[in-house]
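Notes for the one structure printed next.
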Amino acid sequence: MCVLLLSTCAVARAQGSDCTDSQSRRAETAIEGVRTWDALYKSYKKYQQCDDGAVAEAYSESVARILVDHWSTLPRLAQLAKKNDDFWQFVLDHIDSSDDPGDLRTIKRRAERRCPAGLRSTCRELKKAADSALDDLSSDQNHAQLR
């Protein structure tokens, strides 16, 4: 009986974390205008279960836009990241090969040359994520040329 109850709870919990089609549509629409770390964090808390496909690409675009257009707000990202490690990993995961290569190079350059005081570790991880995304893009281009 206990095993049945535990497995039922596990299934219910897993189903509760699924993203419905309507949630996915709302998430994608809501994310399009996200241009601050606080708004991104709020969206992440509300729609993290929908982080796939078009929603994931919209999140990646938002992360890139905030980093490129609002670099001076990096200390706020660091505050939110300190509060929630999963959010920090989410941000790093969304610096990816779906981003514009120019944006990735800008993020990398700023992480190297314009890192705010006290955020060396944050900048090092942002640079690493941008480097990885640029490597993925380069690898994808090489594979496309071989076909």
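The values are calculated or read from the model by the stated rules, or taken from the named source; none is laboratory data. As the structure is a prediction and not an experimental result, all values here were calculated from the model. In this analysis, Cβ positions are derived from the backbone assuming ideal geometry, glycine residues included, and neighbour counts consider all displayed protein chains.
From the list Arg105, Arg25, which one is over 15 Å from the mean Cα position of the chain (by Cα), of a type in the set (Lys, Arg) and more than 24 Å from Leu119 (Cα to Cα)?
Residue meeting the stated conditions: Arg25.
Yes or no, residue by residue, for (1) polar (S, T, N, Q); (2) out of contact with any Phe, Trp or Tyr (no Cβ under 8 Å at 6 or more places or on another chain); (3) over 22 Å from Tyr47 (Cβ atoms); (4) part of a helix (DSSP H, G or I):
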residue: Ser60; (1), (2), (3), (4): yes, yes, no, yes
residue: Leu67; (1), (2), (3), (4): no, yes, no, yes
residue: Leu77; (1), (2), (3), (4): no, no, no, yes
residue: Ser138; (1), (2), (3), (4): yes, yes, yes, yes
Residues of region 115-139 satisfying the condition of being surrounded by 13 or more Cβ atoms within 10 Å (Cβ to Cβ), more than 19 Å from Leu80 (Cα to Cα) and of a type in the set (Ser, Thr, Tyr): Ser132
From Glu32, Glu112, Glu57, grab the single residue that is at pLDDT below 95, of a type in the set (D, E, K, R) and either touching a helix residue (DSSP H, G or I) at 6+ places or on another chain (Cβ under 8 Å) or crowded, with 16+ Cβ neighbours inside 10 Å (or both). Glu32
Which residues, counting only those in region 35-45, are within 19 Å of His70 (Cα to Cα) and either at pLDDT below 95 or assigned to a helix (DSSP H, G or I) (or both)? Trp37, Asp38, Ala39, Leu40, Tyr41, Lys42, Ser43, Tyr44
Just for region 48-89: of the residues that are more than 12 Å from the chain's Cα centre (by Cα) and among the hydroxyl-bearing types (Ser, Thr, Tyr), which one is farthest from Asp21 (Cα to Cα)? Ser72
